[in-house]
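Presented below is the structure to which this report refers.
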Amino acid sequence: MASFTTQVKDEITKIETSRLESISELCAYIKCNSQITKTITLFIENASVARRMFNLIKRLYGVDIILTIRSQKKFHVKNIYILEIKDKVNFIIDDVNNNIENIKTYSDEEKAAFLKGVFLANGSINDPSKSKYHLEFLLEDNDLASIVNTLLHHLGFKSKVLKRDKGYMVYIKAAEEISDFIKLLGAINALFYYEDIRIYRDHKNMVNRINNCEQANVEKSMRTCLEQVKNIEYIKENDLVSLFDEKTQIVMEYRLKYPETTLGELAQIISVETDYKITKSGINHHFRKIKDLVNRHLEGYEKSR
């Protein structure tokens with residue numbers, strides 16, 4: 001099954017673009033992924049990208065292209081498409097260099113096309129269903145990495161540059177920005193897939209966060225109930241019950257009868273089963289009185305020892 005990056009690249013290679021956008025895309029690709037001597041040679045692993053570059057070179061420069069297909073059998077069999085240009089080499093190189101030098105002054109559409117060419121050459125996007133959100137461009141040249149980063153910032157992306165052992169990585173990790181970049185490329189089908197997965201994952205994470213909060217609240221409530229029961233037992237063991245008024249004694253009695261109920265539930269039970277109408281905050285007030293007395297009694301006991 002094709003990777004998500006391959007799906008994105010296959011889709012965007014089928015999009016028609018204007019002449020100026022096509023020049024920016026092709027120049028970016030040649031700059032990122034070619035060997036230049038007396039000829040210009042492109043080594044391409046993706047058949048759709050190879051077809052795209054072949055057609056752009058033909059349409060824009062009208063030169064003959066030598067196409068060679070080689071099979072590589074490293075881990076699995078795959079084809080390498082080699083495009084070799086021997087005509088108008090200096091003219092094409094000048095076009096590439098001029099495009100690089102002036103890209104910052106071009107229209108946003110041409111800048112987006114340039115980034116598209118860089119992505120086709122050296123870009124990748126993690127499959128959102130299998131890993132963390134991550135988009136990257138791997139570039140050998142620091143100046144080119146800086147240009148790509150600047151263009152991304154200009155178009156509203158918060159990308160960063162990281163030095164690697166071999167070259168530089170320009171990357172984006174924010175899920176929404178990666179989604180916006182896929183939209184910028186025009187890969188609508190890939191965008192729908194990405195958003196479906198992102199919505200599912202965000203919903204799942206939200207449910208997990210809610211469950212975690214609910215579990216934490218339950219555990220906190222249980223600890224509070226246990227503390228209240230222990231305080232009441234201490235009051236009874238030390239014959240301190242008579243120090244409290246009748247209403248507080250009712251609260252103590254019902255806490256021992258219902259040791260795991262929340263304060264709100266306990267208030268409802270007392271209000272229904274007795275003549276004492278009380279609220280959650282009223283219950284809490286009684287337990288503060290109980291806790292204060294227990295603490296004072298313990299302090300007095302420690303001082304008397």
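Along segment 175-187 the Karplus relation, 6.51 cos²θ - 1.76 cosθ + 1.60 evaluated at θ = phi - 60°, assigns HN-Hα couplings of 4, 5, 6, 5, 4, 5, 5, 4, 5, 4, 5, x, 8 Hz to successive residues, with x for each Gly and Pro.
Listed by chain and number, the aspartates and glutamates placed with their C-alpha closer than 13 angstrom to that of LYS160 are GLU136, GLU177; residues fewer than eight positions away on the same chain are left out.
By the rule of a C-alpha distance below 23 Å, with chain neighbours fewer than 8 residues away ignored, the lysines paired with LYS277 are LYS247, LYS257, LYS289, LYS291. Compute, for segment 4-186, the length of the dipole vector about the Cα centre, with Cβ point charges of +1 (Lys, Arg) and -1 (Asp, Glu) only. Units Debye, rounded to 20. Computed charge dipole of segment 4-186: roughly 660 debye.
Site-free segments of the chain were taken between chymotrypsin sites (Phe, Trp or Tyr not before Pro) in DSSP loops having at most 15 other Cβ atoms within 10 Å, sites themselves excluded; the longest one is 76-275.
May I ask which of LYS31/LYS158; LYS88/LYS183; LYS104/LYS183 have a Cα-Cα span longer than 26 Å here? Could you put the intermediate results ahead of the total?
Numbers: LYS31/LYS158 23 Å; LYS88/LYS183 35 Å; LYS104/LYS183 21 Å.
In this structure, LYS88/LYS183 lie more than 26 Å apart at Cα.
Overall shape of the chain was characterised from the C-alpha gyration tensor. The equivalent ellipsoid obtained from it has semi-axes of 73, 19, 17 Å, in decreasing order.
Pairwise Cα distances in segment 4-186 exceed 20 Å for 53 percent of all pairs.
Of the GluC sites (Glu not before Pro) found in segment 249-305, the ones in coil according to DSSP and having at most 16 other Cβ atoms within 10 Å of their Cβ are GLU260.
The angle separating the long axis of helix 47-61 from the principal Cα axis of greatest extent in the chain is about 50 degrees.
Rounded to the nearest 20 Debye, what is the dipole magnitude of segment 216-299 about its Cα centre when Lys and Arg each give +1 and Asp and Glu each give -1 at the C-beta?
Numbers: 13 positive and 14 negative charges, 58 e Å.
So the dipole magnitude of segment 216-299 works out to roughly 280 debye.
In this Cβ point-charge picture (+1 for Lys and Arg, -1 for Asp and Glu), the chain has a dipole of about 740 debye about its Cα centre.
Straight-line cross-link reach from LYS130 at under 13 Å between alpha-carbon atoms covers no aspartates and glutamates, not counting any fewer than eight positions away in the same chain. The label-point distance for ASN55 and ASP196, in a model that sets each label 7 Å from Cα toward Cβ, rounds to 2.6 nm.
Each value in this text was obtained by applying a stated rule to the coordinates, not by laboratory testing. What you see is a predicted model; the values in this text were computed from it and never measured. Counting neighbours? That spans all protein chains shown, and the Cβs are built from the backbone with ideal geometry, glycine included.
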